[in-house]
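**Q** Before I ask anything, here is the structure I am working with.
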Amino acid sequence: MKKIYILLIAASLTACTESKENKLEEIAALSQSEAMGKSEGLAQLAQLHKEYGMIYNDAQANEYLYSAGQYYFYENNLEEAKPLLTLYISRDDSTDLFRNAAINLATAHRKDANFLAADELISEVLKKELPTPAQWQDVIKIYEEKIKAKSDINPKDYERLSLSYTAVGRFNDATNSLNQAINDFPTYEKRANLLYRAGFVCWEYARDTPKAKEFYEKFLTEYPNDERASEVKQILNTGMLEMSDEAILEMLKARAK
């Protein structure tokens with residue numbers, strides 16, 4: 001009986017291997033055919049990638065799963081794309097493909113007004129790798145629409161939006177986003193961070209000295225005992241806001257002697 005059981009397992013494994021090889025051969029043949037120049041051929045290839053990726057769980061399967069998910073996403077077939085991208089990112093979180101899949105999946109959730117799921121995905125992305133310039137635009141849309149929809153808004157939404165605006169060079173929008181959070185959430189436990197960052201964005205990026213001074217002075221007035229208070233006092237009292245980077249560096253070098 002034991003030998004029969006072993007033989008059955010061996011036969012099953014052989015059948016699976018042959019089936020796998022057949023699927024790979026079918027995919028390879030289609031990929032090299034003239035059908036790739038037509039939309040029907042691309043749709044057929046996506047279907048084969050989907051089938052292979054959902055059956056198997058090796059590196060090749062993950063690659064095909066990603067390809068199929070991306071294909072359906074860009075075809076605006078979100079009902080097909082979402083489960084494939086979800087399955088893919090559950091398997092692979094170590095490459096830029098994870099970032100691409102996660103941001104596209106977050107975008108799909110945004111279109112469904114599922115902002116909680118979208119936010120969770122963006123948080124995972126930012127822990128691993130920064131988005132590309134084009135992807136930052138996708139992130140901006142997620143948080144702009146979340147805020148517009150008044151969907152459980154919190155200060156971190158404005159912080160995330162400010163980060164995204166800064167990444168694409170929209171510095172005034174970045175400052176305005178932080179200022180909105182400052183005004184709308186007076187009891188936020190990290191409100192001091194918002195004021196400090198708003199001052200820094202105005203100074204370092206927007207080059208808006210008067211606005212930077214306004215935020216820094218507000219920071220000192222409201223949070224005089226913050227651990228960064230001495231730093232902000234130095235910035236204001238030494239005229240660093242009006243100095244060039246080179247002049248600031250020379251001043252600091254002189255103080256260090």
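The values are calculated or read from the model by the stated rules, or taken from the named source; none is laboratory data. All figures in this text were calculated on a predicted structure; none of them were measured in a lab. When we count neighbours, we look across all protein chains shown, and the Cβ atoms used for this are built from the backbone with ideal geometry, even at glycine.
**Q** From D96, D58, D119, grab the single residue that is surrounded by 13 or more Cβ atoms within 10 Å (Cβ to Cβ) and of a type in the set (D, E).
**A** D119
**Q** Same structure, new question: F185 passes all but one of (1) at pLDDT 95 or above; (2) hydrophobic (A, V, I, L, M, F, W, C); (3) closer than 22 Å to G169 by Cβ; which number fails?
**A** With respect to (1) at pLDDT 95 or above; (2) hydrophobic (A, V, I, L, M, F, W, C); (3) closer than 22 Å to G169 by Cβ, F185 is out only on (3).
**Q** Mind checking which residues of the stretch 151-170 are closer than 17 Å to Y205 by Cβ and outside any helix (DSSP H, G or I)?
**A** Within the stretch 151-170, V168, G169, R170 meet the criteria.
**Q** Hey, could you check the stretch 178-192 for residues that are in contact with a Lys or Arg (Cβ under 9 Å, 6 or more places away or on another chain) and in a helix (DSSP H, G or I) and say which is surrounded by the fewest Cβ atoms within 10 Å (Cβ to Cβ)?
**A** Per the criteria, the residue is A192.
**Q** To continue, here is another question. In the set E40, E63, which member is charged (D, E, K, R), in a helix (DSSP H, G or I), over 26 Å from P131 (Cα atoms) and at pLDDT 90 or above?
**A** Being charged (D, E, K, R), in a helix (DSSP H, G or I), over 26 Å from P131 (Cα atoms) and at pLDDT 90 or above holds for just one of E40, E63, which is E40.
**Q** Take A174 and decide whether it is in contact with an Asp or Glu (Cβ under 6 Å, 6 or more places away or on another chain), in contact (Cβ under 8 Å) with a residue 24 or more places away in the chain and under 27 Å from E227 (Cα atoms).
**A** Criteria not met by A174.
**Q** Now, a different point. Of (1) over 21 Å from Y165 (Cβ atoms); (2) of a type in the set (G, A, S); (3) surrounded by 22 or more Cβ atoms within 10 Å (Cβ to Cβ), A106 satisfies all except one. Which?
**A** That leaves (1) as the condition not met.
**Q** Taking D208 as meeting all but one of (1) surrounded by 19 or more Cβ atoms within 10 Å (Cβ to Cβ); (2) farther than 24 Å from S123 by Cα; (3) among the charged types (D, E, K, R), write down the number of the exception.
**A** Evaluating D208 over (1) surrounded by 19 or more Cβ atoms within 10 Å (Cβ to Cβ); (2) farther than 24 Å from S123 by Cα; (3) among the charged types (D, E, K, R) leaves (1) as the failure.
Conditions (1) within 25 Å of I235 (Cβ to Cβ); (2) modelled with pLDDT under 95; (3) of a type in the set (A, V, I, L, M); (4) in contact with a helix residue (DSSP H, G or I) (Cβ under 9 Å, 6 or more places away or on another chain), marked per residue:
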residue: E120; (1), (2), (3), (4): no, no, no, yes
residue: K127; (1), (2), (3), (4): no, yes, no, no
residue: W136; (1), (2), (3), (4): no, no, no, yes
residue: S164; (1), (2), (3), (4): no, no, no, yes
residue: R170; (1), (2), (3), (4): yes, no, no, yes
residue: L178; (1), (2), (3), (4): yes, no, yes, yes
residue: E214; (1), (2), (3), (4): yes, no, no, yes
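**Q** Of everything in the stretch 65-98, what is in contact (Cβ under 8 Å) with a residue 12 or more places away in the chain, of a type in the set (S, T, N, Q) and within 20 Å of G41 (Cα to Cα)? Give them in sequence order.
**A** Those that are in contact (Cβ under 8 Å) with a residue 12 or more places away in the chain, of a type in the set (S, T, N, Q) and within 20 Å of G41 (Cα to Cα): S67, Q70.
**Q** Taking S94 and the conditions (1) at pLDDT below 95; (2) in a helix (DSSP H, G or I), which numbered condition does it fall short on, given that it satisfies the others?
**A** Here S94 meets the rest and fails (2).
**Q** Something else now. Which of the residues belonging to the stretch 97-118 are aliphatic (A, V, I, L, M), at pLDDT 95 or above and within 21 Å of S67 (Cα to Cα)?
**A** The answer is A101, A102, I103, L105, A106, A108, A118.
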